[in-house]
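Below is one structure; the comments refer to it alone.
Just so it is clear, none of the values below were taken in a lab; they were calculated from the coordinates. Owing to the predicted nature of the structure, the values given are computational and were not obtained by experimental measurement. Cβ: placed from backbone, ideal geometry, glycine included. Neighbour counts: every protein chain shown.
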Amino acid sequence: MKTHSPNRIFKHGINFISCSLIIGCATAPPMQEMSDARQSVEAAESVDAEKHAPVALDSAQHLLSKAQDDLEAGDFEEAQKEAIAAREAARQAVTISQSKQTEQNKSTLTKPEPAPEHTPTPEPITYSVNKNDSLWKIAAKNSVYGNPWLWPLILKNNVDLIKSADLINPGLVLSIEVEPSPADIDIATQYAKQRRPASAQHQDSSYLSQYSLR
């Protein structure tokens with residue numbers, strides 16, 4: 001009868017155990033890979049990959065579904081491969097989606113503001129000078145400005161017709177600005193209140209020079 005030495009028996013035992021362990025590892029359910037794949041797909045969905053990276057996300061979801069089917073069928077090796085592939089596809093979807101959103105944000109930040117809509121300036125109205133009229137009286141009329149201190153605005157807009165602000169002739173047809181700017185109103189009011197008869201002609205010229213009129 002053939003006998004085996006204890007050392008040889010021990011060696012065979014070790015090899016058997018090693019083979020058993022290797023086989024066991026190869027056929028174990030890839031639970032960690034499946035978990036990683038699911039988390040990666042969820043991460044892709046959370047960054048709106050369905051909109052920005054639909055191809056990569058669809059591939060990841062499809063691979064994860066196949067991995068789940070193979071896992072349930074007991075084909076752990078294929079399930080592991082597909083889970084890993086699903087994880088990588090999902091990570092790619094995240095990268096693509098985040099990159100596109102960053103570009104969109106940059107585009108939004110650098111997009112110039114639309115120019116404000118231009119409101120057309122109302123056409124001026126006309127006023128025919130009557131006997132005993134003055135710029136002061138005309139400006140005070142409700143049909144004009146309703147404020148006598150705004151008479152310099154009438155002078156400004158009719159500088160070619162009015163030679164002297166203190167003397168206007170009946171029959172003149174004056175142009176009346178309908179909506180003067182707030183700045184022009186302030187300047188006219190301030191000027192009218194500080195104007196002095198002694199140097200009126202010179203002061204009028206200085207007032208009009210602001211508008212390059214004299």
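Summary table below
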quantity	calculated
Extension gain (nm, one decimal) between Lys106 and Thr119, 0.36 nm per residue minus Cα-Cα	1.5 nm
Mean-position separation - Cα centroids, the range 155-210 and the range 68-111, in angstrom	75 Å
Highest average packing first - 35-45, 121-131, Cβ atoms within 10 Å	35-45, 121-131
Burial ranking of peptide ranges 79-85, 46-52, 182-188, 194-200 (average Cβ count within 10 Å, highest at the top)	79-85, 46-52, 182-188, 194-200
Net +/- balance of residues flanking Ile185 in space, Cβ distance below 14 Å, scoring K and R +1, D and E -1	-2
Cα principal axis extents for the range 125-209, largest first, Å	27, 26, 19
Entries of Lys51/Lys100; Lys66/Lys100; Lys131/Lys163 with Cα pairs more than 22 Å apart	Lys66/Lys100
